[in-house]
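Here's the structure we're looking at; comments come further down.
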Amino acid sequence: MAAAQTNASRLAALVAIAPLLVGAWFVAPLMLPMWRWQNVDFEVLAKSTGKSQAELERKYHIVFRCAERGAGDPLPWQVLEMKPEWEGADEKELTVRATIISDRTGEPVSSLQLGSGHYKDRYFQADAWRLPPGSLGFNKHRPVIIFEHGTLEKLSIAQSGAWDEKVGSLKNQHWTSDDDAVEDGYTVPQ
């Protein structure tokens, strides 16, 4: 009789705990970098890209913005600043179009965070890893930026205004965009 009670209590515990574990699995990306843990292996990436593992694991502080080229743009994000600067490329006063995704979900900044689309809602900063173009199956012509979701921060209105004045419409003679230099397969719909 004692063995039957023990088995019944174990079964009851399992039935009670299983839904909690399933729920925890779906809630985990809200707090943990689940996508990065499951999809990014810096050692494998180093072998496939020819870059050193240390270079791929290096974190940068980036300032970026949403600047869609038109309807359905698959790469609406542009990196404006990286600190320290990216080695091997002259990106001073250059907006670099990139795939920018969260380490928690593998998705870009949500449309809720973009708000109205006004300039004050389009500028962000975060700590991030920069991977070579084509990494992890993303666009082969553009770098892949994986931002640490816990560090994502929308820039203040004053900071957004300053950046928008510098690069907003790229009327400033010093800033340029890499859109014309890199063909990534996007064409503006007619």
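Looking at the structure I just gave you, is PRO108 under 11 Å from CYS66 (Cα atoms) and not small (Gly, Ala, Ser)?
Details: under 11 Å from CYS66 (Cα atoms): yes; not small (Gly, Ala, Ser): yes.
In short, yes.
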Any hit, the stretch 117-135, residues being touching a residue at least 60 places away in the same chain (Cβ under 8 Å), part of a helix (DSSP H, G or I) and closer than 26 Å to GLU183 by Cβ: yes
Among (1) in a loop (DSSP other than H, G, I, E, B); (2) farther than 22 Å from TRP86 by Cα - the single one ASP180 does not satisfy: (2)
Unmet requirement for VAL79, which otherwise passes all of (1) at pLDDT below 90; (2) closer than 24 Å to SER160 by Cα; (3) not acidic (Asp, Glu): (1)
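On the given criteria, is LYS140 surrounded by fewer than 21 Cβ atoms within 10 Å (Cβ to Cβ) and touching a Gly at 6+ places or on another chain (Cβ under 7 Å)? Break it down into steps so the answer makes sense when it comes.
Details: surrounded by fewer than 21 Cβ atoms within 10 Å (Cβ to Cβ): yes; touching a Gly at 6+ places or on another chain (Cβ under 7 Å): yes.
Taking the combined requirement at face value, the residue satisfies it.
With the requirement that a residue be aliphatic (A, V, I, L, M) and under 12 Å from LYS154 (Cα atoms), what does the stretch 113-140 give you?
Of all residues in the stretch 113-140, those aliphatic (A, V, I, L, M) come to 114, 126, 128, 131, 136.
Those that are aliphatic (A, V, I, L, M) and under 12 Å from LYS154 (Cα atoms): LEU114, ALA126.
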The stretch 93-143, subset modelled with pLDDT of 90 or more and of a type in the set (Asp, Glu), residue nearest to MET34 (Cα to Cα): ASP103
Top-ranked residue of the stretch 111-126 - restricted to ones that are of a type outside the set (Lys, Arg) and surrounded by 15 or more Cβ atoms within 10 Å (Cβ to Cβ), ranked as farthest from ARG65 (Cα to Cα): ALA126
Set ILE146, ILE157: member being at pLDDT 90 or above and under 21 Å from the mean Cα position of the chain (by Cα): ILE146
Neighbours by Cβ (under 8 Å, 6+ apart or cross-chain): first from the stretch 25-41, closer than 15 Å to TRP129 by Cα and at pLDDT below 90; second of a type outside the set (D, E, K, R) and surrounded by 10 or more Cβ atoms within 10 Å (Cβ to Cβ): PRO33/HIS149
Flag if GLY185 is of a type outside the set (S, T, N, Q), part of a loop (DSSP other than H, G, I, E, B) and at pLDDT 90 or above: no
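The values are calculated or read from the model by the stated rules, or taken from the named source; none is laboratory data. These numbers come from a predicted model, not from an experiment. In this analysis, Cβ positions are derived from the backbone assuming ideal geometry, glycine residues included, and neighbour counts consider all displayed protein chains.
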